[in-house]
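What follows is a set of notes on a single structure, which appears directly below.
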There are 2 protein chains.
Amino acid sequence: MPVATLASVKGVDIARVAETGATMLLANTYHLHLRPGEELVDQSGGVGHFMGWSGPTLTDSGGYQVFSLAQQVKVTDHGAMFRSHLDGSQVDLTPEKAVAIQESLGADVAMQLDHVIGLPAARNDVAEAMERSLAWGERCLAARQKSDQAMFGIVQGGLDSELRANSAKHLRSLPFEGFAVGGLSVGEGPEAMASTLQATVPHLPEDKPRYLMGVGKPEDIINAVAVGIDMFDCVLPTRCGRNALLYTFDGPLRLRNALYLKDKRPIESDCPCMACGHTRAYMRHLFLAGEMLGPILASIHNLTFYQRLMGRLREAIVAGQFQAVRADILARMN
Amino acid sequence: MPVATLASVKGVDIARVAETGATMLLANTYHLHLRPGEELVDQSGGVGHFMGWSGPTLTDSGGYQVFSLAQQVKVTDHGAMFRSHLDGSQVDLTPEKAVAIQESLGADVAMQLDHVIGLPAARNDVAEAMERSLAWGERCLAARQKSDQAMFGIVQGGLDSELRANSAKHLRSLPFEGFAVGGLSVGEGPEAMASTLQATVPHLPEDKPRYLMGVGKPEDIINAVAVGIDMFDCVLPTRCGRNALLYTFDGPLRLRNALYLKDKRPIESDCPCMACGHTRAYMRHLFLAGEMLGPILASIHNLTFYQRLMGRLREAIVAGQFQAVRADILARMN
């Protein structure tokens with residue numbers, strides 16, 4: 001899922017987003033609650049209609065942004081109290097409020113509120129945040145007013161295999177429509193991510209979506225698919241695009257490099273995106289000249305790359321050749 | 001002509017530019033000479049091919065940017081010596097060099113180098129700059145090496161009707177493929193612009209294109225068409241778009257205004273552009289949230305508006321109803 005934080009995939013108009021092959025978008029509850037507020041989005045027919053997207057949508061609960069963006073955060077069993085990163089105003093986010101806001105935002109999938117903590121952390125703190133997330137998950141389910149919005153639970157437990165397994169086992173006993181793995185891709189490294197997923201995913205039901213939140217780099221996605229993850233979201237395609245880092249199946253390309261000064265090839269020769277109708281020399285010129293079109297085209301390319309990557313992985317699974325394709329892709333990328 | 005200063009219409013991909021109805025683009029010799037340099041553009045097949053534009057293109061000569069952007073400018077009969085606004089490097093721009101650069105840039109239409117001076121100025125200075133521009137025009141024609149590039153002369157003469165008429169009469173005796181009116185839209189106001197055009201355009205041949213450089217606001221364009229101008233270029237559609245000023249046939253709309261907070265109407269109900277697939281409330285939200293998509297969509301709308309305006313004026317001329325349509329449009333806009 002491309003990330004439409006504030007009901008906009010940064011730099012890319014919604015028809016171009018669809019052209020990348022994307023079928024579902026994520027928007028951020030924390031951001032939309034602060035700007036423009038969920039009432040306006042509700043009055044506009046929900047976040048999809050608000051931004052002109054006809055496909056499915058998902059909103060996160062705000063738990064991650066409370067952890068990463070908010071100021072003066074105080075978390076109790078009641079909920080999270082914090083100050084807005086925009087104007088310092090006091091916000092009180094409880095599981096019940098996270099559900100109410102998300103129902104107003106009207107996405108097809110809402111996420112439970114979870115307690116995300118920074119790592120490394122003492123095991124007791126990790127356990128407490130995990131247990132609190134479970135209790136909040138139950139309260140989120142109890143707070144639902146709408147029958148046309150799915151809700152996913154979120155596994156927490158840091159890098160502790162036992163806590164992760166306990167969290168997953170408890171969550172699967174609850175009537176969520178899908179399950180997410182949260183609290184990863186926070187600097188733990190690929191080995192720790194892999195071992196944590198190994199300890200978690202087998203405990204989640206195979207017949208419901210399994211979603212790894214906020215991940216990630218192409219190789220992280222490939223390895224998470226190998227463990228059984230079905231869904232991802234990440235800002236990397238657009239954020240890296242804005243910074244002139246272009247993903248390709250031959251590895252990333254840093255467009256500011258003088259290597260590309262006169263390079264008449266497209267970013268990726270078999271890519272159907274409109275950025276790849278241009279030469280690397282032109283794309284590099286746009287970045288060096290500070291033209292907005294550089295970030296725009298690079299974002300379109302990276303979003304297209306991610307969709308092509310996911311498409312190849314899906315095809316490989318259907319064809320029963322996932323491990324071979326995985327090895328091929330990883331070898332070529334590196 | 002939308003302006004593609006650095007071989008990019010700011011914030012709008014080239015296919016979207018074509019969708020606005022634009023048929024010809026302008027690029028800037030001064031800017032492209034500094035970045036990325038005309039050699040790269042030449043090696044890329046010319047400025048149109050470089051930016052992926054299949055329609056006609058025009059490059060200005062750099063005269064206006066020397067006046068408006070360059071530092072430590074010294075103009076003699078030889079040419080203009082100045083320092084780059086980017087890195088202070090010394091640039092020596094003669095008529096011959098302006099032609100050589102533009103031949104490398106490879107647009108369909110090149111402009112002669114002209115001497116633009118600030119107004120108000122002493123009549124002697126205005127006359128000297130006008131005479132120098134005529135001499136430079138002759139040198140530009142003599143310096144041409146390519147037969148597949150048109151060249152336009154540029155009328156100068158400030159706000160002095162006699163100087164303008166003299167400039168136009170001299171220029172039309174030279175083998176230019178078209179004629180431009182330069183040195184206007186520099187703060188002289190609509191009345192002075194109108195009287196200067198009245199003193200100039202009748203002296204230019206009707207069977208060759210007459211081009212008013214760097215103009216302008218919708219009402220300026222409408223009034224210039226009334227005098228006989230055929231071609232325009234201006235950065236206003238994209239520059240105003242980036243600043244949340246949206247043009248409509250009911251007058252401009254300043255999107256940051258709280259008036260539009262919950263406005264479910266599109267910017268302009270009969271506009272076919274993709275921005276007008278969204279509500280004003282959504283467009284306003286994008287600007288207030290600082291999303292790149294706001295400037296992008298607003299630029300697309302404004303470019304579309306300008307093309308629709310020109311289309312209506314062309315249709316009115318063909319139908320023999322120009323004056324009535326002009327009055328209608330101006331009345332509704334104000």
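The values are calculated or read from the model by the stated rules, or taken from the named source; none is laboratory data. Just so it is clear, the model here is predicted, and its values are computed rather than measured. Positions of Cβ are backbone-derived with ideal geometry, glycine not excepted, and every protein chain shown enters the neighbour counts. Just so you know, the surface numbers come from the protein's heavy atoms only, side chains and all, with ligands and any DNA or RNA stripped out. Shrake-Rupley method; radii C 1.70, N 1.55, O 1.52, S 1.80 Å.
Some notes on this structure:
- A:Leu236 more than 14 Å from every other protein chain (Cβ to nearest Cβ), open to solvent by 30 Å² or more (accessible area, probe 1.4 Å) and not aromatic (Phe, Trp, Tyr): yes
- Boolean, B:Ala224 is over 17 Å from A:Ser8 (Cβ atoms), open to solvent by less than 20 Å² (accessible area, probe 1.4 Å) and away from chain A (no Cβ under 14 Å): yes
- Given (1) surrounded by fewer than 16 Cβ atoms within 10 Å (Cβ to Cβ); (2) polar (S, T, N, Q); (3) touching a Cys at 6+ places or on another chain (Cβ under 9 Å), index of the condition B:Asn257 fails: (3)
- If only residues of segment B:272-286 that are open to solvent by 10 Å² or more (accessible area, probe 1.4 Å) and out of contact with any Pro (no Cβ under 6 Å at 6 or more places or on another chain) are counted, the one that is farthest from the other protein chains (Cβ to nearest Cβ) is B:Pro272.
- Boolean, B:Asp263 is in a loop (DSSP other than H, G, I, E, B), open to solvent by 10 Å² or more (accessible area, probe 1.4 Å) and within 13 Å of chain A (Cβ to nearest Cβ): yes
- Whichever residue in segment A:317-334 is touching an Asp or Glu at 6+ places or on another chain (Cβ under 9 Å) and hydrophobic (A, V, I, L, M, F, W, C) and, among such residues, is surrounded by the fewest Cβ atoms within 10 Å (Cβ to Cβ): A:Leu330
- In this structure, B:Glu188 does satisfy being within 18 Å of the chain's Cα centre (by Cα), among the charged types (D, E, K, R) and not in a helix (DSSP H, G or I).
- Only listed residue being open to solvent by 40 Å² or more (accessible area, probe 1.4 Å), on the phi < 0 side of the Ramachandran plot and modelled with pLDDT of 95 or more, chosen from A:Ser8, A:Ser54: A:Ser54
- Verdict on A:Val186 being more than 30 Å from A:Met292 (Cβ to Cβ), at pLDDT below 95 and among the β-branched types (Val, Ile, Thr): yes
- Scanning segment A:166-192 for residues that are under 24 Å from A:Gly216 (Cα atoms) and open to solvent by 10 Å² or more (accessible area, probe 1.4 Å) turns up A:Glu177, A:Gly183, A:Ser185, A:Val186, A:Gly187, A:Glu188, A:Gly189, A:Pro190, A:Glu191, A:Ala192.
- Selection within segment B:114-165 - of a type in the set (A, V, I, L, M), over 16 Å from B:Gln102 (Cβ atoms) and buried (at least 18 other Cβ atoms within 10 Å of the Cβ): B:Val116, B:Ile117, B:Val126, B:Ala127, B:Ala129, B:Met130, B:Leu134, B:Val155, B:Leu159, B:Leu163
- In summary, A:Lys208 fulfils each of the numbered conditions (1) crowded, with 21+ Cβ neighbours inside 10 Å; (2) within 24 Å of A:Thr59 (Cβ to Cβ) with the single exception of condition (1).
Results for (1) within 11 Å of chain B (Cβ to nearest Cβ); (2) free of Cβ contacts under 8 Å to residues at least 24 places away in the same chain, shown as yes or no for each residue.
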| position | (1), (2) |
| --- | --- |
| A:Glu291 | yes, yes |
| A:Ala298 | no, no |
| A:Thr304 | no, no |
| A:Met310 | no, no |
| A:Ala316 | no, yes |
| A:Arg326 | no, no |
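- None of B:Ser84, B:Ser44, B:Ser8, B:Ser54 is touching a Phe, Trp or Tyr at 6+ places or on another chain (Cβ under 7 Å) and farther than 30 Å from B:Ala168 by Cβ except B:Ser44.
- Complete set of residues in segment A:258-289 that are free of Cβ contacts under 8 Å to residues at least 12 places away in the same chain and within 15 Å of B:Gly52 (Cβ to Cβ): A:Gly277, A:Tyr282, A:His285, A:Leu286
Yes/no matrix, rows are residues, columns are (1) out of contact with any helix residue (DSSP H, G or I) (no Cβ under 9 Å at 6 or more places or on another chain); (2) open to solvent by 20 Å² or more (accessible area, probe 1.4 Å); (3) within 25 Å of B:Ala281 (Cα to Cα):
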| site | (1), (2), (3) |
| --- | --- |
| A:Val12 | no, no, yes |
| A:Arg16 | no, no, yes |
| A:Glu39 | no, yes, yes |
| A:Gln43 | no, yes, yes |
| A:Leu58 | yes, no, yes |
| A:Val66 | no, no, no |
| A:Ala80 | no, no, no |
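- The single condition among (1) free of Cβ contacts under 8 Å to residues at least 24 places away in the same chain; (2) within 14 Å of chain A (Cβ to nearest Cβ); (3) charged (D, E, K, R) that B:Arg242 does not meet is (1).
- Helices (runs of 4 or more DSSP H) completely within segment B:1-110 that count 2 or more residues being under 20 Å from A:Gly290 (Cβ atoms) and within 14 Å of chain A (Cβ to nearest Cβ): B:14-19, B:29-34, B:38-43, B:47-51
- Taking segment A:217-246 as the range and being part of a loop (DSSP other than H, G, I, E, B) and farther than 16 Å from A:Ala22 by Cα as the test, the residues that pass are A:Lys217, A:Gly228, A:Ile229, A:Asn243, A:Ala244.
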